[in-house]
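Values in this text are rule-based calculations from the coordinates and carry no lab data. All of these numbers come straight from a predicted model, not from anything done at the bench. Glycine also receives a Cβ, built like all others from the backbone with ideal geometry; neighbour counts cover every protein chain displayed.
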Amino acid sequence: MAIFILVAVIYWIRLFQLQIVDERYTLDAQSNAIRHKVQYPSRGLILDRNGQILVYNEAVYDLMVVPGQVDVDEMDWGKLARLLEIDSAGTKERYRKARSYSRYAPSVFEKQISKEVYGRLQEYMYQFPGFYVQSRSLRRYPKPVAAHVLGDVGEVSSEEIIQNPHYKPGDYIGKSGLEKYYEEVLRGKKGVKVVMVDVLNREKGSYKEGAYDSLAQQGEPLYTTLDADLQAYAEELMQGKRGSVVAIEPSTGEVLALVSAPTYDPNLLVGRVRSQNYGALIGDPQKPLFNRALMSYYPPGSIFKLPQALIALQEGVINPNTGFECDKTLIGCHDHPDAKSVTEGIRMSCNPYFYQVFKRVIQQGKVSNIFEDSRIGLNRWDEYMRSFGLGKRLAIDLLDVKGGYIPDTGFYDRFYGYKRWAFSTIYSLSIGQGEVSLVPVQMANLAAIMANRGYYVTPHLVKAVGEENAGLQTDTSRHYTMVAKKYFEPVVQGMYEAVHLPKGTARRAEIPDIVVCGKTGTSENPHGDDHAVFIGFAPMDDPQIAVSVFLENSGFGGVWAAPLGSLLIEKYLKGAVARGDLERQVREFTIFERDAEGNIIGPPAH
């Protein structure tokens with residue numbers, strides 16, 4: 001009796017283990033009759049401000065494998081390889097990799113199969129037990145623009161899976177741009193379809209009439225602030241050049257165009273060719289993947305004279321009618337009459353004028369010690385500059401945005417020693433050189449501040465998520481500078497005269513029938529030819545667009561940056577450009593070209 005009882009207990013324990021504790025046999029039995037097919041949602045569409053589709057989805061197919069259902073010895077690996085048009089030697093290795101992940105969970109065997117291959121494969125699927133096809137979608141760009149803004153989508157990495165259990169091997173995730181920033185909104189929600197399969201691996205319909213199915217939920221659409229036509233036009237003008245263009249609607253902070261040049265076709269980073277093309281773009285000496293508009297640090301040059309003048313006016317160390325001699329013994333300058341006012345100083349961009357302006361801000365004589373007096377002045381100056389959104393990261397809805405650099409007393413203390421520096425040490429800041437640097441989006445934001453006469457709305461790229469009228473998802477409050485509105489008038493007048501009056505440095509930015517306000521700059525470059533800068537806005541009394549143009553190795557700002565900026569303003573405000581000759585000149589001006597093999601002809605990027 002004891003023996004019979006002992007045997008019964010052993011059998012009972014083993015059956016309990018097999019049926020309750022160990023799920024392998026249950027899963028194996030179920031997987032031979034039931035298949036759980038993940039239903040991947042379509043990512044949300046991305047549209048421009050006028051409803052043009054910038055990104056949509058296109059159906060593709062993945063071949064999936066459940067390793068536990070595959071008879072390795074009976075499998076015709078060569079035929080499968082021929083149908084998929086892949087290397088037959090790698091088919092078993094793919095299987096082993098999938099098996100090492102899980103015997104029972106499906107893995108991607110071959111991703112992004114074309115419609116033609118899918119149609120041919122379907123006819124023979126019954127010959128490959130353990131394999132099935134799952135539909136997916138890829139991103140497509142009908143208008144190949146705004147690659148740096150839109151970003152790209154790629155297969156999820158092992159690190160990303162560890163960080164977020166929502167993703168499984170073979171899933172796709174936003175890798176850069178808006179695709180990454182708004183990933184949780186765009187990705188949607190997965191569904192599942194439970195189907196029955198027969199011994200020949202053929203689907204026989206829904207399990208229990210779909211009682212256990214769940215529908216995938218499509219990602220939410222993004223309604224961006226971009227003007228697709230303006231973006232395309234800006235990219236066209238920037239061909240063969242290095243630099244950036246940023247255009248903002250001043251009253252709202254909405255980014256109308258954001259260009260980093262050279263750029264690339266976003267369709268290059270889609271599908272099975274993504275890895276190959278990504279490698280080629282990484283190796284391109286012109287660095288097309290690098291977003292210069294958000295990440296490049298540049299000396300601002302003479303556009304920095306605008307906040308310098310405003311700070312001095314607010315501090316009361318000058319007034320609108322203060323004049324200074326153009327004394328080239330202090331600092332170099334081009335030939336022009338002495339500036340007798342702030343407006344004339346801006347119009348002619350006089351370097352000695354702003355040397356004196358900056359000196360009065362930094363050394364106000366509040367204490368007798370010149371070193372301590374300079375510390376007090378620079379601390380105050382630094383506060384003003386940060387109120388202009390300089391020296392700190394603007395919270396635009398993209399990642400990897402840099403904040404430029406505004407030096408403070410701590411920097412000079414570390415470099416020269418405490419109380420070992422004064423205005424004479426840092427005077428190059430007066431004309432936007434030395435240790436100061438801005439990123440191009442800050443330059444455009446400075447133009448917007450001038451247009452608004454004292455405030456900015458944080459630049460942003462998305463107007464609404466989900467519904468076109470759902471409202472903004474970003475901070476749209478006004479950020480006021482520390483300078484009173486009344487002091488902007490003489491400075492803005494100087495920007496007007498720089499474009500419309502003789503001796504103005506931005507004369508090539510003039511547009512018939514449009515009152516443009518602008519400021520040029522030349523950014524010194526220790527590695528080669530200087531960089532050209534232009535910021536401006538229009539119309540003067542009802543600003544609708546503010547722009548910044550930065551052209552590397554292009555010389556004076558008034559030569560090429562100013563006309564390029566004016567073409568963008570004209571295109572946006574009038575819908576078309578009437579100055580064909582100027583447009584052709586700007587198009588034909590290039591920094592580099594490529595030969596028939598794609599090699600660079602021209603100076604290298606720095």
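Calculated over segment 262-314, the projected area of the Cα convex hull averaged across directions stands at 5.4 nm². Would you mind counting up the charge near D227? Only other residues with Cβ under 10 Å from its Cβ, with Lys and Arg at +1 and Asp and Glu at -1. Net local charge, D227 excluded: -2. Is the shape of segment 405-557 best called rounded, prolate or oblate, per the rule: a/c under 1.5 gives rounded, else a/b larger than b/c gives prolate, else oblate, with a ≥ b ≥ c the square roots of the Cα gyration tensor eigenvalues? Oblate.
Is the chain best put as rounded, prolate or oblate by its Cα gyration tensor, with a ≥ b ≥ c the root eigenvalues, rounded for a/c under 1.5, and otherwise prolate when a/b is larger than b/c, oblate when not? Please list the in-between numbers first.
Values: a/c = 2.88, a/b = 2.32, b/c = 1.24.
Note, shape of the chain comes out prolate.
With the highest mean first, a sort of the peptides 425-432, 39-46, 137-144 on other beta-carbon atoms found within 10 angstrom per residue produces 425-432, 39-46, 137-144. For V516, the residues whose modelled amide H falls within less than 5 Å of its own, excluding neighbours fewer than 5 places apart on the same chain, are I511. Per residue of the chain, the DSSP helices (runs of n ≥ 4 H) give a summed -39500 (n - 2.57) that works out to -9500 deg cm²/dmol at 222 nm.
A simple charge model with +1 on the Cβ of Lys and Arg, -1 on the Cβ of Asp and Glu and nothing else charged puts the dipole of the chain at about 860 debye relative to its Cα centre.
When the pairs K37/K189; K305/K574; K97/K287; K180/K571; K328/K392; K115/K287 are compared against a 25 Å limit on Cα-Cα distance, K305/K574; K97/K287; K180/K571; K328/K392; K115/K287 fall above it. Can you bin segment 226-349 into rounded, prolate or oblate? Criterion: square roots of the alpha carbon gyration tensor eigenvalues sorted a ≥ b ≥ c, rounded for a/c under 1.5, prolate for a/b above b/c, oblate for the rest. It comes out prolate by the Cα gyration axes. So the label point goes 7 Å from the Cα of R272 along Cα→C-beta, right? Which residues of segment 88-112 then have their backbone N under 20 Å from it? Output list for this probe position: 88-98, 107-112.
When the Cα atoms of segment 345-391 are aligned to their principal axes, the ranges along those axes come out at 35, 26, 12 Å in descending order.
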